[in-house]
């Protein structure tokens, strides 16, 4: 609807799911931002961290899974290793570790 404020940009290290495009349903990890409209996302396989996908913020939804063990990988000023991204997504999909947006473990 015109005039609706866009959702806030998820910070690097958060898991998101694509809601539009050929990759609909694919889970990614946010590795950066481009301006205030686009996320840079990667999965460590088809989209390595060195070549992230540019995704409109309106075309993703926050999965709500977060694991503080991985926070250090996103504060170094460079993208994390692809292995770390694959590990994060596997843990998220398996429901291991981390917390959800409602604080459940």
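The values are calculated or read from the model by the stated rules, or taken from the named source; none is laboratory data. Everything quoted here is computed from the prediction, not taken from an experiment. Every residue, glycine as well, gets a Cβ built from its backbone with ideal geometry; the counts of neighbours run over all protein chains shown.
Here are some notes:
- Restricting region 80-105 to residues that are at pLDDT 80 or above and not in a helix (DSSP H, G or I), the residue that is surrounded by the most Cβ atoms within 10 Å (Cβ to Cβ): 80
- Single condition residue 20 does not satisfy, out of (1) out of contact with any helix residue (DSSP H, G or I) (no Cβ under 7 Å at 6 or more places or on another chain); (2) in contact (Cβ under 8 Å) with a residue 12 or more places away in the chain; (3) exposed (fewer than 13 other Cβ atoms within 10 Å of the Cβ): (1)
- Qualifying residues in region 19-52 (those that are over 11 Å from the mean Cα position of the chain (by Cα) and not in a loop (DSSP other than H, G, I, E, B)) - the one nearest to residue 72 (Cα to Cα): 34
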